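Let me begin by presenting the structure, written as structure tokens, before commenting on it.
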Amino acid sequence: MATETFQDPAFPALLEESVRIHGHLCPGQVLGVRLAMLGLRLIGVADPKGADRKSFVVVVEIDRCATDAIQSVTGCSLGKRSLRWMDYGVMAATFVRTDTGAAWRVVAREEARDLAARYCPEIDDKYCRQLEAYKRMPDAELFRVQEVEVTLPECDLPGRPLRRVQCAGCGDYVQDCRDVAVDGRVLCRACAHGGYYRVKAG
């Protein structure tokens, strides 16, 4: 049995709330809660849903269970424009202070899956063993951290839209500088590059 284990009195309640929002307990929930707690500590945010709520944003790199946990712990969301999603498929998130520019990327270590046996040798089922081990493993064995630089364009920051224009193609209104200039015309991205949807005739 490993001797060094993770201990934080806030963790059980944060995990319970995350599971309530997400709908079930899984290793991704444990990873996401732990990842968010570490990321907030790295950028010096102690009260993410209160006094510090407007001082940081989070960039997630995967649309899996852990992202719901990160949202639950940090209070960040797409609607508040404090949560950004980069579709990298990586179990990672970057925490950025908007006031100082300090930024840290936290990545889940793949080798933590195999290390789970050291922390929970009494559990035979691999899935259950990982779930419980992720609650106990120290941050250094569960995550890799990188101090990074992140440039956040003014149009991507929380707050009121800086611009709202009408697409010359379909007539939709485009906010937050997502319009595209093509041959002197202002277009939405769907008209400029092709959309994920196709309007049916009639």
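What the table shows:
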item	result
Mean Cβ neighbour count within 10 Å, used as a protection proxy, ranking 71-83, 108-120 highest first	71-83, 108-120
For the chain, size of Cβ-based charge dipole, Lys and Arg +1, Asp and Glu -1, in debye	760
Computed over the range 3-75, the ratio Rg/Rh where both radii use C-alpha atoms and Rh is Kirkwood	0.96
The range 98-135 and the range 26-91: distance between their alpha carbon centers, rounded to Å	16
For the range 11-154, share of DSSP beta bridges that run antiparallel, in % to the nearest 5	85
Positive dipole terminus of the chain, leading residue within ALA117, THR74, VAL145 (C-beta point charges)	THR74
THR5-LEU162 pseudo-label distance in nm [points 7 Å out on the Cα-to-Cβ vector]	4.9
HN-Hα J in Hz across the range 174-191 - Karplus 6.51, -1.76, 1.60, θ = phi - 60°, x for Gly and Pro	10, 10, 6, 6, 8, 6, 10, 8, 10, 6, x, 10, 8, 10, 6, 5, 5, 6
Alpha carbon convex hull of the range 43-154, projected area averaged over orientations, nm²	7.7
Additional length obtainable on full extension of the chain from SER77 to TYR127, 0.36 nm per residue less Cα span	15.1 nm
Mean separation of Cα contacts under 8 Å (6+ apart) over length of the range 118-176, as relative contact order %	19
Rg(Cα) / (2.2 N^0.38 Å) computed for the chain, rounded to two decimals	1.22
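Throughout, read-outs are computed from the coordinates displayed, never taken from laboratory work. A quick note: this is a predicted structure, and the numbers were derived from the prediction, not measured. Don't worry about glycine lacking a Cβ; one is built from the backbone with ideal geometry, like all the others, and counts go over all protein chains shown.
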